[in-house]
1. Can you tell me how many residues in region 8-37 are more than 17 Å from LEU47 (Cβ to Cβ) and either acidic (Asp, Glu) or at pLDDT below 95 (or both)?
2. In region 15-30, what residues are part of a helix (DSSP H, G or I) and surrounded by 12 or more Cβ atoms within 10 Å (Cβ to Cβ)?
3. Note down all Cβ pairs under 7 Å where the first residue falls in region 1-12 and is under 13 Å from GLY35 (Cα atoms) and touching a residue at least 24 places away in the same chain (Cβ under 8 Å), the second is among the hydrophobic types (A, V, I, L, M, F, W, C) and surrounded by 13 or more Cβ atoms within 10 Å (Cβ to Cβ), and they're at least six residues apart or on different chains.
4. Mind listing whichever residues of region 1-57 are under 12 Å from the mean Cα position of the chain (by Cα) and among the β-branched types (Val, Ile, Thr)?
Amino acid sequence: MRDLEKLIDEVNGSMSMEGMPLTKDDKDRIRRCAGNDKLVEKTIAELVKKHTAARSYSHEQQL
């Protein structure tokens, strides 16, 4: 568990340097998915769908 929290802190540090710190939801998602490759793939697909749909909808509104 300590290693996972250290990993989350390191990822958060890297993302923060890019101006995109992890949210509480991001950190919880990492904890939930850790060590479960199938859940990782499912979660990635859900996030891609969510953010692709949001961007497409936003783009359509601008037209």
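The values are calculated or read from the model by the stated rules, or taken from the named source; none is laboratory data. Note that the coordinates shown come from a computational prediction; the quantities given were computed from them, not determined experimentally. Every residue, glycine as well, gets a Cβ built from its backbone with ideal geometry; the counts of neighbours run over all protein chains shown.
1. So the answer is 4.
2. Answer for region 15-30, where residues must be part of a helix (DSSP H, G or I) and surrounded by 12 or more Cβ atoms within 10 Å (Cβ to Cβ): MET15, ASP26, LYS27, ASP28, ARG29, ILE30.
3. Pairs that qualify, where the first residue is under 13 Å from GLY35 (Cα atoms) and touching a residue at least 24 places away in the same chain (Cβ under 8 Å) and the partner is among the hydrophobic types (A, V, I, L, M, F, W, C) and surrounded by 13 or more Cβ atoms within 10 Å (Cβ to Cβ), are LEU4/ALA34.
4. Passing the criteria: ILE8, VAL11, THR23, ILE30, VAL40, THR43, ILE44, VAL48.
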